[in-house]
Amino acid sequence: MSAPSEKLPLSGLRVIDASHVFAIPYATGLLADLGAEVIKIQAHTRVDVMVGHGPFPENLPGERPWDRVGSLNTVNRGKLGLALDFTLPEGIEVFRRLVRVSDVLAESFTPRVLKKLRLDYASLVELKPDLIMLSNTGYGHTGPWRDWGSVATSLEATSGMCWLSGYEDGPPSKIGQSYTDFLACWTAVYAILASVYRRRRTGRGQWIDLAMYQAGAATLGPIIMDYFANARVAARIGNRHEAMAPHNVYRCAGEDRWIAIAIDSDAAWQALRRAMGEPAWARASRYDGLAGRLEDREALDRQLCSWTAGHDAEPLAARLQAEGIMAGVVENGRDLLHDEQLHERNFLERVTHPPESGIGARRYIGRPWQLSAARLAITRPAPQLGEHNREVLTGLLGYSSPEVDELEKKGVIGTGIAAAKNLPPLALEAMRRNQRIGRPDPDYREV
């Protein structure tokens, strides 16, 4: 097995990733960026739920679509791939042997699955007494909802987020794209690192029972405390703010271009007036103080929209920032791919896939932080399905080459998924009509 660089913080730490979808795979991908050796347990007997969603390079699923999914290649970067069938006794034995030589196990099965297979924490800690195991579920392993299924939309709702998202006169609304997955991801990284630190001091591992529901609710502390203290139920306020005005997004010149402007003081309001050229409507004395601006914020928003509509978003944001005004372009996917700030901070990293994948070089999201003591980077592309089966089994677990051949013959390990052959491309035009995507860009790779 190849050893990670000694210069990276998590060098020497071995992590098993037995999770799926996005939250924990991205968390272990970040651990791989930090130098951990992460072994991804892949499924070769069924199609990963992410495969059907793509996206695929140039929208071409190819002969091996499971290796060409953008989201999976993002979260599984830097990992070794072991395709293993958990339903077979030999597969369970391989997994148990892997646990014995690893430090961390991260999984996202429903509570009853691993217990049925005797792969739960109580069973595995007998094999590896100092094991750190993270179990990520929708609602945790205790309580009346422990066996409930979940996806990000239901978790955003039950955690209270959807109640606050939306306009004053509208219904509760979903927030963005799988928001609780990202919260669970960052929470998992923190919990694992804290557990590794504790084990280095005490020699003891532990079980981390992570509930995505609670990760969402934890972001609403002020809202919960407001009810405890004042018996006040928070309401939806759209893009507004209870202590800032103007505070909204405003249409700019061009197709679907917007700018966000937040005025947090009377001085900032005066600066905005100057930037607009001191129009007569803005000089009204009622706007000199916050109370007047809050009371008349609908009229303020209409006037600001009339002004911003004549400006391009990017130069206007730069101009307002130069005046000390909090403003920013509402960026879409194309904007982010070309964002000079992200490029300057090396957030979008170019990763070259092996020639046989047909993917080539692509950019992937990196980390939202940098370290002064180590230069972090994505260490390798995501593994193709079962790419490191033999390397892991012979180099790490002590299987002989004939034994690996026998495991492959029995279907315990594999490198392909018959059920996912001939997957059609995504129906981009239908997705655009349903407003799931914007317009495709033919030059999207020119960065």
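Within the stretch 182-205, is there a residue that is assigned to a loop (DSSP other than H, G, I, E, B) and touching a Leu at 6+ places or on another chain (Cβ under 8 Å)?
Of all residues in the stretch 182-205, those assigned to a loop (DSSP other than H, G, I, E, B) come to 203-205.
Still in the list and also touching a Leu at 6+ places or on another chain (Cβ under 8 Å): 205.
Checking the stretch 182-205: at least one residue is assigned to a loop (DSSP other than H, G, I, E, B) and touching a Leu at 6+ places or on another chain (Cβ under 8 Å).
With 213, 190, 227 as the choices, which residue is in the same structural domain as residue 158 (by TED's automatic domain parsing) and without any contact (Cβ under 8 Å) to a residue 12 or more places away in the chain?
Values: 213 fails: without any contact (Cβ under 8 Å) to a residue 12 or more places away in the chain; 227 fails: in the same structural domain as residue 158 (by TED's automatic domain parsing).
Testing whether each residue is in the same structural domain as residue 158 (by TED's automatic domain parsing) and without any contact (Cβ under 8 Å) to a residue 12 or more places away in the chain leaves just 190.
If the requirement is being touching a strand residue (DSSP E or B) at 6+ places or on another chain (Cβ under 9 Å) and either outside the structural domain of residue 93 (by TED's automatic domain parsing) or in a loop (DSSP other than H, G, I, E, B) (or both), which of these qualifies: 134, 119? Show your work before the answer.
Numbers: 134 fails: either outside the structural domain of residue 93 (by TED's automatic domain parsing) or in a loop (DSSP other than H, G, I, E, B) (or both).
When all the criteria are applied, what remains is 119.
Which one is farthest from the chain's Cα centre (by Cα) among residues in the stretch 83-117 that are surrounded by fewer than 16 Cβ atoms within 10 Å (Cβ to Cβ) and free of Cβ contacts under 8 Å to residues at least 24 places away in the same chain?
Among them, the one singled out is 89.
Would you please list the contacts, defined by Cβ atoms under 9 Å and residues six or more apart or on different chains, that run from a residue in the stretch 388-413 that is free of Cβ contacts under 8 Å to residues at least 24 places away in the same chain and surrounded by fewer than 16 Cβ atoms within 10 Å (Cβ to Cβ) to a residue that is among the hydrophobic types (A, V, I, L, M, F, W, C) and in a loop (DSSP other than H, G, I, E, B)?
Pairs found: 406/412.
Would you confirm, using the coordinates I've provided, whether residue 390 is charged (D, E, K, R), farther than 14 Å from residue 84 by Cα, within 32 Å of the chain's Cα centre (by Cα) and in the same structural domain as residue 92 (by TED's automatic domain parsing)?
no
Is one or more of the residues making up the stretch 322-334 surrounded by fewer than 13 Cβ atoms within 10 Å (Cβ to Cβ) and free of Cβ contacts under 8 Å to residues at least 40 places away in the same chain?
Yes: one or more hits.
One residue is enough: does the stretch 428-445 have a residue meeting the conditions modelled with pLDDT under 90, aromatic (Phe, Trp, Tyr) and either outside any loop (DSSP other than H, G, I, E, B) or under 18 Å from residue 68 (Cα atoms) (or both)? Working first, answer last.
First pass over the stretch 428-445, keeping only residues modelled with pLDDT under 90: 428-445.
Add one more test, that the residue is aromatic (Phe, Trp, Tyr), and what stays is 444.
Narrowing further to those that are either outside any loop (DSSP other than H, G, I, E, B) or under 18 Å from residue 68 (Cα atoms) (or both): 444.
Yes: the stretch 428-445 contains one or more residues that are modelled with pLDDT under 90, aromatic (Phe, Trp, Tyr) and either outside any loop (DSSP other than H, G, I, E, B) or under 18 Å from residue 68 (Cα atoms) (or both).
Between a residue in the stretch 267-280 that is over 19 Å from residue 310 (Cα atoms) and any residue that is among the aromatic types (Phe, Trp, Tyr), which pairs come within a Cβ distance under 7 Å, given they are 6 or more apart or on different chains?
269/287
Can you confirm whether residue 359 is in contact with a Ser or Thr (Cβ under 7 Å, 6 or more places away or on another chain) and over 22 Å from residue 14 (Cα atoms)?
On the way: in contact with a Ser or Thr (Cβ under 7 Å, 6 or more places away or on another chain): no; over 22 Å from residue 14 (Cα atoms): yes.
No.
Just checking, does the stretch 361-383 include any residue being surrounded by fewer than 18 Cβ atoms within 10 Å (Cβ to Cβ), outside any strand (DSSP E or B), at pLDDT 95 or above and under 20 Å from the mean Cα position of the chain (by Cα)?
yes
Take the stretch 31-62 and flag every residue that is closer than 21 Å to residue 98 by Cβ and either among the acidic types (Asp, Glu) or not in a loop (DSSP other than H, G, I, E, B) (or both).
So in the stretch 31-62, the residues closer than 21 Å to residue 98 by Cβ come out as 31-32, 34-46, 48.
Matches in the stretch 31-62: 31, 32, 37, 38, 39, 40, 41, 42, 48.
The values are calculated or read from the model by the stated rules, or taken from the named source; none is laboratory data. All values reported here derive from a predicted model rather than from experimental measurement. Positions of Cβ are generated from backbone atoms using ideal geometry, with glycine treated the same way; all protein chains shown enter the neighbour counts.
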